[in-house]
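Please read the structure below before turning to the comments.
The values are calculated or read from the model by the stated rules, or taken from the named source; none is laboratory data. Since the structure is predicted, the reported quantities are computational estimates derived from the model, not experimental observations. With ideal geometry, Cβ positions are generated from the backbone for all residues, glycine too; neighbour counts draw on all protein chains shown.
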Amino acid sequence: MARELTPNRWNWSQQDRKWVFIKINGDGEKEYYYRIKTPKEFNESILKIKRLNEKLVVCKDPEENDKIFDEMMRISKKMQYMTNLD
């Protein structure tokens, strides 16, 4: 069973095979924005996580590992709330 799409952020719709942004307007009505191309914010975040992961793999210092991992988690959580309509 597919999860319900969340308003006010980008969601991947497996059914539509597109990115969907559901905006709730002032009247409480849903406005749908679709795009096939991955949102720029998503691509940038994926690259940041990839670079941090490469650092994490070679890092030997446990404290530095924690810092890198925390930054990866921060970016990951931010990705859950992508809101740019660009």
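Here are a few things to note about the model shown:
- Residue list for region 30-67, restricted to those being closer than 18 Å to Trp19 by Cβ and part of a loop (DSSP other than H, G, I, E, B): Ile36, Lys37, Thr38, Pro39
- Every residue from region 63-86 that is among the aromatic types (Phe, Trp, Tyr) and more than 11 Å from the chain's Cα centre (by Cα): Phe69
- Among residues that are assigned to a loop (DSSP other than H, G, I, E, B) and modelled with pLDDT of 90 or more, Asp70 is not included.
- Enumeration of residues in region 27-59 that are among the charged types (D, E, K, R) and at pLDDT 95 or above: Lys48, Lys50, Arg51, Glu54, Lys55
- Test: residue in region 36-59 that is free of Cβ contacts under 8 Å to residues at least 24 places away in the same chain, among the aliphatic types (A, V, I, L, M) and touching a Leu at 6+ places or on another chain (Cβ under 9 Å): no
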